[in-house]
Amino acid sequence: MATSRILGIETSCDETSAAVLRTEDGRPVLDSLVILSQDIHRVFGGVVPELASREHLRTIGPVVDRALDEAGIGPGELSGIAVTAGPGLIGALLVGLMYAKGLALGLGKPLIGVHHLEGHLFAPTLEHPDLDPPFIALLVSGGHTMLLDVAAWGDYRLLGQTLDDAAGEAFDKVGTLLGLGYPAGAELERLARRGRAGRFDFPRPMLRQGLDFSFSGLKTAVLRAVRESRDLDTDRADLARDFQDAAVDVLVTKTVRALDETGRDAAVIVGGVACNQALRIALTERVGARRRVVVASPRLNTDNAAMIAAAGAWRLARGEAAGLDLEPFDRGPIPGTQSVILPV
Ligand code: KG4
Ligand code: ZN
């Protein structure tokens with residue numbers, strides 16, 4: 001039986017994470033996953049890059065050791081080390097990258113640089129090993145919002161993306177307007193559950209055209225409603241509900257349009273906003289019985305090293321490895337992506 005074990009390392013933003021992913025005859029088994037979320041940024045209402053780097057530096061060693069311990073293996077039993085090379089905060093990425101390079105060099109094992117967003121795409125495969133392209137991916141995180149046609153692993157067509165704020169960023173900014181902590185997504189969803197729908201007539205930006213997104217107008221509309229509110233304590237849940245309904249409506253409408261235009265029969269939601277149950281339920285309803293929706297558990301949707309190990313394992317299996325000159329990057333498309341404009 002062919003067994004490989006990949007150590008994944010993720011430090012692109014404010015989670016320090018390590019995981020050991022075992023592959024048995026092509027089947028992924030997650031042996032361990034450690035995620036340390038940096039609470040320090042809550043005080044500042046957003047991620048402070050310098051503090052993120054320092055926290056990663058303080059915790060990366062223990063987090064990797066813990067992941068190896070929980071997997072019950074020593075570093076010598078690894079087949080390779082996969083690390084997020086970007087996009088992300090350069091100082092934060094450097095910590096994981098340097099640690100991974102040191103391990104790879106010391107152990108004489110291959111190093112694999114992983115694009116963070118390709119990691120998100122692979123996350124659902126850890127729980128749905130039968131998930132194979134082609135499918136449409138709605139990638140919604142704190143930093144990105146895009147629709148991708150995943151024709152095959154490593155062969156992506158960018159169908160649409162946000163022209164301003166990312167979906168998660170919109171949840172976080174509206175959360176701040178409503179007095180919630182950072183990041184606000186999960187708390188806003190809980191608040192919305194108590195709200196009544198239809199009190200506020202929020203816009204659904206670019207709903208009718210194409211596959212691109214825009215969220216800044218929606219955010220401004222919520223800001224105006226908050227300013228006009230006579231009693232924010234009473235209105236808060238209703239504001240959260242109508243904002244979420246508008247954001248979900250736009251995300252779902254565009255994803256269904258991408259399915260219709262490409263003829264794909266599966267949609268996969270990935271990234272932190274994929275934790276949103278209202279989004280998952282609405283998309284499942286709207287795709288109809290002939291098409292399926294796949295979403296991973298919350299722990300695998302928000303930033304984690306298991307998804308990095310999964311994408312790294314696939315790249316290593318096709319013979320890719322990085323040199324010790326691998327550098328961090330703060331932006332750029334997933335390798336193998338072409339931009340297309342569908343006539344919608
Ligand atoms: O993928 P992720 O962990 O980090 C990035 O790569 O950006 O995504 C974090 C984002 C945050 O904006 C957070 O507010 C959002 O995901 N999020 C949610 C929910 N849970 C997390 N947004 C809406 N509803 C949720 N339940
Ligand atoms: Zn992410």
Matching residues, the range 187-216, being part of a helix (DSSP H, G or I) and crowded, with 16+ Cβ neighbours inside 10 Å: Glu187, Leu188, Glu189, Leu191, Ala192
Residue match in the range 24-31 (condition: part of a strand (DSSP E or B) and open to solvent by less than 20 Å² (accessible area, probe 1.4 Å)): no
Breaking point among (1) in a loop (DSSP other than H, G, I, E, B); (2) closer than 14 Å to Ala274 by Cβ, for Asp164: (2)
Subset of the range 1-22 that is open to solvent by less than 40 Å² (accessible area, probe 1.4 Å) and among the polar types (S, T, N, Q) - its residue that is nearest to ligand 1 (Cβ to nearest atom): Ser12
Single residue of Gly8, Gly46 found to be modelled with pLDDT under 95, within 27 Å of Phe329 (Cβ to Cβ) and either among the hydroxyl-bearing types (Ser, Thr, Tyr) or under 21 Å from the mean Cα position of the chain (by Cα) (or both): Gly46
All positions within the range 129-156 that are within 13 Å of ligand 1 (Cβ to nearest atom) and open to solvent by 40 Å² or more (accessible area, probe 1.4 Å): Gly142, Gly143, His144
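Based on this model, can you work out whether Pro49 counts as within 16 Å of ligand 2 (Cβ to nearest atom), open to solvent by 60 Å² or more (accessible area, probe 1.4 Å), in the same structural domain as Cys13 (by TED's automatic domain parsing) and touching a Leu at 6+ places or on another chain (Cβ under 9 Å)?
Against the criterion (within 16 Å of ligand 2 (Cβ to nearest atom), open to solvent by 60 Å² or more (accessible area, probe 1.4 Å), in the same structural domain as Cys13 (by TED's automatic domain parsing) and touching a Leu at 6+ places or on another chain (Cβ under 9 Å)), Pro49 qualifies.
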Conditions (1) outside the structural domain of Ala311 (by TED's automatic domain parsing); (2) open to solvent by 10 Å² or more (accessible area, probe 1.4 Å): number failed by Pro110: (1)
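Quick one: would you say Arg257 is more than 16 Å from ligand 2 (Cβ to nearest atom), open to solvent by 20 Å² or more (accessible area, probe 1.4 Å), within 21 Å of Val295 (Cα to Cα) and in a loop (DSSP other than H, G, I, E, B)?
Taking the combined requirement at face value, the residue does not satisfy it.
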Total residues in the range 131-152, condition more than 16 Å from ligand 2 (Cβ to nearest atom) and not in a strand (DSSP E or B): 4
Qualifying residues in the range 167-186 (those that are open to solvent by less than 50 Å² (accessible area, probe 1.4 Å), in a loop (DSSP other than H, G, I, E, B) and of a type in the set (Gly, Ala, Ser)) - the one nearest to ligand 1 (Cβ to nearest atom): Ala184
The one condition in (1) more than 11 Å from ligand 1 (Cβ to nearest atom); (2) assigned to a strand (DSSP E or B); (3) under 11 Å from the mean Cα position of the chain (by Cα) that Leu121 fails to fulfil: (2)
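Each row is one residue, and each column tells you yes or no for (1) without any contact (Cβ under 8 Å) to a residue 24 or more places away in the chain; (2) among the hydrophobic types (A, V, I, L, M, F, W, C); (3) away from ligand 2 (no atom under 16 Å from the Cβ).
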site	(1), (2), (3)
Leu103	no, yes, yes
Ile112	no, yes, yes
His116	no, no, no
Leu121	no, yes, no
Pro124	no, no, no
Asp165	no, no, no
Gly168	no, no, no
Val174	no, yes, yes
Leu177	no, yes, yes
Which numbered condition Val268 misses (of (1) more than 16 Å from ligand 2 (Cβ to nearest atom); (2) in contact with a Phe, Trp or Tyr (Cβ under 6 Å, 6 or more places away or on another chain)): (1)
In the range 298-337, the residues that are small (Gly, Ala, Ser) and surrounded by 13 or more Cβ atoms within 10 Å (Cβ to Cβ): Ala305, Ala306, Ala309, Ala310, Ala311, Gly312, Ala313, Ala317, Ala321, Ala322, Gly336
Complete set of residues in the range 69-92 that are over 28 Å from Asp330 (Cα atoms), open to solvent by 40 Å² or more (accessible area, probe 1.4 Å) and in a helix (DSSP H, G or I): Asp69, Glu70, Pro75, Gly76, Glu77
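The values are calculated or read from the model by the stated rules, or taken from the named source; none is laboratory data. These figures come from a predicted structure and were not determined experimentally. Every residue, glycine among them, receives a Cβ derived from its backbone with ideal geometry; neighbour counts consider all protein chains shown. To get the accessible areas, we keep the full protein, side chains included, count just its heavy atoms, and leave off ligands, DNA and RNA. Shrake-Rupley method; radii C 1.70, N 1.55, O 1.52, S 1.80 Å.
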